[in-house]
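Remarks on the structure that follows.
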Amino acid sequence: MPVFKIPEQYSNRKRKELDGFNAKIKGEKITEVPAYLIGQFAKNDLFGDEISGELLMQYCLNTVLDAQQNAAGRVIMLECKDEPKLISFYNRFDFDRVERDYSENELIQMIRVLSDKEIVGSVD
């Protein structure tokens, strides 16, 4: 499973949210967590009228939730161009931009932390 490298500036509260249990292990800050990686997510314009981006994303998220039942994990990660239209699209599905320094033309990272209600076996 890929890992999400936690930016140094993330607070202990945010680290604990990503890990689900702790911000530190043996006194050391957690620096990475397993993540589901959504790669190469795009819609072919030739089929624009046949399926929406929203439907594709919902299918993708449902697939991740199905996998989570067998493999655990709580972070979903993707990379995209730094374009307002793309960021807005992913924000609608509860993805947040990872705030860190990016080089010019570097893809930005966006993550979504699954809620306790989405995680199989979690206690309400």
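Numbers for the structure displayed
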| quantity | calculated |
| --- | --- |
| Selection status of ALA71, under 18 Å from ASP19 (Cα atoms) and in contact (Cβ under 8 Å) with a residue 60 or more places away in the chain | yes |
| Test for ASP96: is it surrounded by 11 or more Cβ atoms within 10 Å (Cβ to Cβ), farther than 18 Å from SER52 by Cβ and modelled with pLDDT of 95 or more | yes |
| Residue within region 43-60 that is under 15 Å from VAL75 (Cα atoms), surrounded by 14 or more Cβ atoms within 10 Å (Cβ to Cβ), hydrophobic (A, V, I, L, M, F, W, C) and modelled with pLDDT of 90 or more present | yes |
| Test: LEU114 is among the hydrophobic types (A, V, I, L, M, F, W, C) and more than 16 Å from LEU18 (Cα to Cα) | no |
| Residue match in region 1-15 (condition: within 13 Å of GLY73 (Cβ to Cβ), surrounded by 16 or more Cβ atoms within 10 Å (Cβ to Cβ) and either free of Cβ contacts under 8 Å to residues at least 12 places away in the same chain or among the small types (Gly, Ala, Ser) (or both)) | no |
| Number of the condition not met by ILE30 [criteria: (1) crowded, with 16+ Cβ neighbours inside 10 Å; (2) closer than 18 Å to ASP116 by Cβ] | (2) |
| Hits in region 20-47 (condition: in a loop (DSSP other than H, G, I, E, B) and farther than 20 Å from LEU61 by Cα) | PHE21, ASN22, ALA23, LYS26, GLY27, ILE30, THR31 |
| Neighbours by Cβ (under 6 Å, 6+ apart or cross-chain): first from region 46-64, touching a residue at least 12 places away in the same chain (Cβ under 8 Å); second among the aromatic types (Phe, Trp, Tyr) | MET57/PHE93; VAL64/TYR36 |
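Yes or no, residue by residue, for (1) at pLDDT 90 or above; (2) surrounded by 13 or more Cβ atoms within 10 Å (Cβ to Cβ); (3) outside any loop (DSSP other than H, G, I, E, B); (4) not hydrophobic (A, V, I, L, M, F, W, C):
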position	(1), (2), (3), (4)
GLN69	no, no, yes, yes
GLY73	no, yes, no, yes
GLU79	yes, yes, yes, yes
LYS85	yes, no, yes, yes
SER88	yes, no, yes, yes
ASP101	no, no, no, yes
GLN109	yes, yes, yes, yes
ASP116	no, no, no, yes
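The values are calculated or read from the model by the stated rules, or taken from the named source; none is laboratory data. Everything quoted here is computed from the prediction, not taken from an experiment. All Cβ positions, even for glycine, are placed from backbone atoms using ideal geometry, and neighbour counts span all protein chains on display.
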